[in-house]
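Down below is the structure, laid out as structure tokens.
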Amino acid sequence: MDNDLDMLSFGIIANAGDSRAYAFQALDAAKEGRYEEAEKLLKQSDDAAEKAHKAQTDLLFAEMNGDHKDVNVMLVHSQDHLMSAMLANQLIKEMIDLYKRQERKD
């Protein structure tokens with residue numbers, strides 16, 4: 001077991017989870033017309049995703065530089081969390097934009 005890899009994986013999971021949670025909170029705020037709050041929450045979502053993505057990027061660069069790590073289930077799980085958080089963030093931004101457009105038409 002590679003404790004450093006597990007800790008990195010846990011960090012990715014935690015930050016990706018925060019990113020996804022902030023994105024959905026932003027969506028809830030937008031549904032109620034609180035767009036300024038939604039934008040702040042999206043910023044928090046982006047910041048958390050950036051932390052998770054940086055950890056992933058650091059791992060990729062280490063691999064490219066010859067520091068090979070055995071892939072374990074925890075790392076795979078962390079990648080799933082990051083990708084789903086990034087997708088949720090992108091889709092929720094689009095949904096919020098649609099809410100704003102619809103409100104302007106009303």
Conditions (1) assigned to a helix (DSSP H, G or I); (2) without any contact (Cβ under 8 Å) to a residue 60 or more places away in the chain; number of the one not met by Asn89: (2)
The stretch 88-106 - residue that is of a type in the set (A, V, I, L, M) and open to solvent by 90 Å² or more (accessible area, probe 1.4 Å) and, of those, nearest to Ala16 (Cα to Cα): Leu91
Filter result for the condition that a residue is open to solvent by less than 50 Å² (accessible area, probe 1.4 Å), under 10 Å from the mean Cα position of the chain (by Cα) and not basic (Lys, Arg), over Ala30, Ala21: Ala21
Some residue of the stretch 39-53 being surrounded by fewer than 18 Cβ atoms within 10 Å (Cβ to Cβ), among the acidic types (Asp, Glu) and in contact with a Gly (Cβ under 8 Å, 6 or more places away or on another chain): no
Single condition Met64 does not satisfy, out of (1) free of Cβ contacts under 8 Å to residues at least 24 places away in the same chain; (2) surrounded by 15 or more Cβ atoms within 10 Å (Cβ to Cβ): (2)
Out of Leu5, Leu27, Leu41, sole residue that is touching a residue at least 12 places away in the same chain (Cβ under 8 Å), assigned to a helix (DSSP H, G or I) and in contact with a Lys or Arg (Cβ under 6 Å, 6 or more places away or on another chain): Leu5
When residues of the stretch 44-71 are limited to those that are part of a helix (DSSP H, G or I) and among the basic types (Lys, Arg), the one nearest to the chain's Cα centre (by Cα): Lys51
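The values are calculated or read from the model by the stated rules, or taken from the named source; none is laboratory data. Computed from a predicted model, the values in this text were never measured in an experiment. Backbone-built Cβ (ideal geometry, glycine too); neighbour counts: all protein chains shown. All accessible areas refer to the heavy atoms of the entire protein, side chains included, with ligands and DNA or RNA removed. Shrake-Rupley method; radii C 1.70, N 1.55, O 1.52, S 1.80 Å.
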